[in-house]
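Engineer: The structure under discussion is supplied below as structure tokens; questions concerning it will follow.
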Amino acid sequence: QVQLVESGGGLVQAGGSLRLSCAASGRAFINYGMGWFRQAPGKEREFVSATSWSGGSTHYADSVKGRFTISKDNAKKTLSLQMNSLKPEDTAIYYCAASEQGAYTNYVGAYDYWGRGTQVTVSS
């Protein structure tokens, strides 16, 4: 069983930065593809970013490209999301997700494990 615990959310002004972290348990973390998703009130969960098992391949939603950076540290069993130039529309609960098959896709159904999320609020 894998547990994912997100941290690092908070309240920030537009243009500011936050760094989210996701701590994972489980021996097979090194094999997992990982992703970040977010969900704003009244909206569906949407893809933010994902990375391959090694961290060597990444991709991003167009809305965050150039502002957010995903990274995976297999030694520390952590996934991070550096968020810069934040906008009010980035306000959401951010979720960490892991794929046992190593998928790193924008498809929610490809992920087997999810954290409980961390709230990010960007004020204008």
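Engineer: Are any of the residues in region 21-31 in contact (Cβ under 8 Å) with a residue 60 or more places away in the chain, open to solvent by 70 Å² or more (accessible area, probe 1.4 Å) and either touching an Asp or Glu at 6+ places or on another chain (Cβ under 8 Å) or under 20 Å from Gln119 (Cα atoms) (or both)?
Structural biologist: Within region 21-31 (the criterion being in contact (Cβ under 8 Å) with a residue 60 or more places away in the chain, open to solvent by 70 Å² or more (accessible area, probe 1.4 Å) and either touching an Asp or Glu at 6+ places or on another chain (Cβ under 8 Å) or under 20 Å from Gln119 (Cα atoms) (or both)), the answer is yes, since at least one residue qualifies.
Engineer: Related question: Mind checking which residues of region 70-106 are in a loop (DSSP other than H, G, I, E, B) and without any contact (Cβ under 8 Å) to a residue 40 or more places away in the chain?
Structural biologist: The answer is Ala75, Lys76.
Engineer: Do we have Ser63 as in a loop (DSSP other than H, G, I, E, B), in contact (Cβ under 8 Å) with a residue 40 or more places away in the chain, open to solvent by 20 Å² or more (accessible area, probe 1.4 Å) and under 21 Å from Gly16 (Cα atoms) here?
Structural biologist: When the stated conditions are applied, Ser63 does not pass them.
Engineer: While we're here: Could you say whether any residue in region 41-56 is in a loop (DSSP other than H, G, I, E, B), in contact with a Gly (Cβ under 7 Å, 6 or more places away or on another chain) and open to solvent by 30 Å² or more (accessible area, probe 1.4 Å)?
Structural biologist: Checked against the condition, which is being in a loop (DSSP other than H, G, I, E, B), in contact with a Gly (Cβ under 7 Å, 6 or more places away or on another chain) and open to solvent by 30 Å² or more (accessible area, probe 1.4 Å), region 41-56 yields at least one hit.
Engineer: What are the residues in region 24-40 that are small (Gly, Ala, Ser) and under 11 Å from the mean Cα position of the chain (by Cα), if any?
Structural biologist: Once the filter is applied, which keeps residues that are small (Gly, Ala, Ser) and under 11 Å from the mean Cα position of the chain (by Cα), region 24-40 yields only Gly35.
Engineer: Now, a different point. For region 10-20, which residues satisfy the criterion of being out of contact with any Leu (no Cβ under 6 Å at 6 or more places or on another chain) and either crowded, with 17+ Cβ neighbours inside 10 Å or among the aromatic types (Phe, Trp, Tyr) (or both)?
Structural biologist: If the condition is that a residue be out of contact with any Leu (no Cβ under 6 Å at 6 or more places or on another chain) and either crowded, with 17+ Cβ neighbours inside 10 Å or among the aromatic types (Phe, Trp, Tyr) (or both), then Leu18 is the only one that fits.
Engineer: Residues that are farther than 19 Å from Gly10 by Cα and hydroxyl-bearing (Ser, Thr, Tyr): does region 60-69 have at least one?
Structural biologist: yes
The values are calculated or read from the model by the stated rules, or taken from the named source; none is laboratory data. Keep in mind the model is a prediction, meaning the values are calculated, not measured. Every residue, glycine as well, gets a Cβ built from its backbone with ideal geometry; the counts of neighbours run over all protein chains shown. Ligands, DNA and RNA are excluded from the accessible area calculation, which covers all protein heavy atoms including side chains. Shrake-Rupley method; radii C 1.70, N 1.55, O 1.52, S 1.80 Å.
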